[in-house]
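Asker: Here it is, the structure, as structure tokens.
What follows draws every value from the coordinates through simple rules; no lab data is involved. Keep in mind the model is a prediction, meaning the values are calculated, not measured. When we count neighbours, we look across all protein chains shown, and the Cβ atoms used for this are built from the backbone with ideal geometry, even at glycine.
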Amino acid sequence: MQYQVTARRLDDTGSLATSHGAEVRLATDRDGRKDALNPVELLLSALAACMIKGAERVVPTLKFQLDGMTVALEADRQDAPPKLTAIRYQITVDSPEADARLDLLHRNILKYGTISNTLSAAVPLTGTLRRA
């Protein structure tokens, strides 16, 4: 499978990324924008989407009752050289499932996530899954 995204500079305050008709505003200016995601926020959003999509993918197979899900992420950045040094996550699920089943869901989310597997090879990725 192959993915394609095109990003273009709109002006000195931002850019726009597009793919298959979808658009995401990007904060690419020096000062940041309140109405757009900066590159780190976009990366963390991709990780959150990966985790939620991973749950959606395995819920039918596991016959898991999932009534809601939230993923909260934070990252640490160093300045020289600029890079992320750690990513932490907290997955919160609304589910009546037993703790052992929650652990199974968590393992599956991490095992089959394209973005989570890619990022964890480059930066420490730690977190937990808990019940709401």
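Asker: Of the residues ASP35, ASP67, which single one is in contact (Cβ under 8 Å) with a residue 24 or more places away in the chain and among the charged types (D, E, K, R)?
Answerer: Checking each option against the conditions leaves just ASP67.
Asker: Can you find even one residue in segment 80-95 that is over 22 Å from ARG130 (Cβ atoms) and either in contact with a His (Cβ under 7 Å, 6 or more places away or on another chain) or charged (D, E, K, R) (or both)? Quick ask: steps written out before the conclusion?
Answerer: Within segment 80-95, the subset over 22 Å from ARG130 (Cβ atoms) is 80-85.
Now narrow it down to the ones that are either in contact with a His (Cβ under 7 Å, 6 or more places away or on another chain) or charged (D, E, K, R) (or both): 83.
Within segment 80-95, one or more residues are over 22 Å from ARG130 (Cβ atoms) and either in contact with a His (Cβ under 7 Å, 6 or more places away or on another chain) or charged (D, E, K, R) (or both).
Asker: Is it fair to say PRO82 is free of Cβ contacts under 8 Å to residues at least 12 places away in the same chain, more than 14 Å from the chain's Cα centre (by Cα) and over 21 Å from LYS63 (Cα atoms)?
Answerer: Spelling it out, PRO82 is indeed free of Cβ contacts under 8 Å to residues at least 12 places away in the same chain, more than 14 Å from the chain's Cα centre (by Cα) and over 21 Å from LYS63 (Cα atoms).
Asker: Mind checking whether some residue in segment 21-33 is in contact with a helix residue (DSSP H, G or I) (Cβ under 9 Å, 6 or more places away or on another chain) and under 27 Å from LEU129 (Cα atoms)?
Answerer: Quick first cut of segment 21-33, residues in contact with a helix residue (DSSP H, G or I) (Cβ under 9 Å, 6 or more places away or on another chain) only: 24, 26-28.
Cutting the leftovers down to under 27 Å from LEU129 (Cα atoms) gives us none.
Among the residues of segment 21-33, not one is in contact with a helix residue (DSSP H, G or I) (Cβ under 9 Å, 6 or more places away or on another chain) and under 27 Å from LEU129 (Cα atoms), which makes the answer no.
Asker: Restricting to segment 24-57, count the residues that are of a type outside the set (A, V, I, L, M, F, W, C) and part of a helix (DSSP H, G or I).
Answerer: Count: 7.
Condition check ((1) among the polar types (S, T, N, Q); (2) out of contact with any strand residue (DSSP E or B) (no Cβ under 6 Å at 6 or more places or on another chain)) across all residues:
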{"position": "GLN90", "(1), (2)": "yes, no"}
{"position": "VAL93", "(1), (2)": "no, no"}
{"position": "ASP99", "(1), (2)": "no, yes"}
{"position": "ARG107", "(1), (2)": "no, yes"}
{"position": "ILE115", "(1), (2)": "no, yes"}
{"position": "LEU119", "(1), (2)": "no, no"}
{"position": "VAL123", "(1), (2)": "no, no"}
{"position": "THR126", "(1), (2)": "yes, no"}
{"position": "LEU129", "(1), (2)": "no, no"}
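Asker: Next question, about the same structure. Being crowded, with 18+ Cβ neighbours inside 10 Å and either closer than 21 Å to GLU56 by Cα or under 17 Å from the mean Cα position of the chain (by Cα) (or both) is true for just one of ALA98, ALA122, ALA75. Which residue is that? So that I can check it myself, show each step before the final result.
Answerer: Working: ALA98 fails: crowded, with 18+ Cβ neighbours inside 10 Å; ALA122 fails: crowded, with 18+ Cβ neighbours inside 10 Å.
Among ALA98, ALA122, ALA75, only ALA75 is crowded, with 18+ Cβ neighbours inside 10 Å and either closer than 21 Å to GLU56 by Cα or under 17 Å from the mean Cα position of the chain (by Cα) (or both).
Asker: What's the number of the condition ASP12 fails, among (1) in contact with a strand residue (DSSP E or B) (Cβ under 9 Å, 6 or more places away or on another chain); (2) over 20 Å from ALA72 (Cβ atoms); (3) not polar (S, T, N, Q)?
Answerer: Among (1) in contact with a strand residue (DSSP E or B) (Cβ under 9 Å, 6 or more places away or on another chain); (2) over 20 Å from ALA72 (Cβ atoms); (3) not polar (S, T, N, Q), the lone unmet condition for ASP12 is (1).
Asker: Further, regarding this structure: Testing GLY54 on (1) loosely packed, with under 15 Cβ neighbours inside 10 Å; (2) among the small types (Gly, Ala, Ser); (3) within 18 Å of SER116 (Cβ to Cβ), one condition comes back false. Which one is that?
Answerer: It is condition (1) that GLY54 fails.
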